[in-house]
1. So residue 2 fits all but one of (1) of a type outside the set (A, V, I, L, M); (2) over 18 Å from residue 71 (Cα atoms); (3) at pLDDT below 95; (4) touching a helix residue (DSSP H, G or I) at 6+ places or on another chain (Cβ under 6 Å); what number is the exception?
2. Within the stretch 68-86, is even one residue in contact (Cβ under 8 Å) with a residue 12 or more places away in the chain and in contact with a strand residue (DSSP E or B) (Cβ under 7 Å, 6 or more places away or on another chain)?
Amino acid sequence: MTTTPVLEHGLLTIKTGGEAAFETALRGAVPLISGQPGFVSIRVSRCLERPHTYLLLVEWDSLEAHTEGFRKSAEYGPWRDALHHFYDPMPTIEHFVDVPA
C-alpha cells in the first residue's frame, strides 16, 4: 500500500446544456466523497474556453484510498448515480504524485 499523497485528475465533459444541473448535483454529491477515509480535498474548476468542460482534482492520502476505498464503498454508487449521467464521453481518471521541482 502506497502512502504517497495522490492527486486524482479528470477532465469532465458535460453534455451541452447540463452545466447548471451538473454543478447542483456536484454540490450535493461532495459529502459522499469528502467523508471517505484518506480523502484530503476536492477542487472542481470550469474551463473558460470550453464551458462544458470541468477539471476535477481530488487529493487522497494514497492511491488505495481512492481505488480500493471510495470506489468500493457504499457511497460510490450514489456518487456515480448523481454525476455520471452528465458525462459525454465518460472521463478518463488518472492519478498523479508530486515530483521535486
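1. (2)
2. yes
The values are calculated or read from the model by the stated rules, or taken from the named source; none is laboratory data. Being a predicted model, the structure only gives us computed values, none of them experimental. Counting neighbours? That spans all protein chains shown, and the Cβs are built from the backbone with ideal geometry, glycine included.
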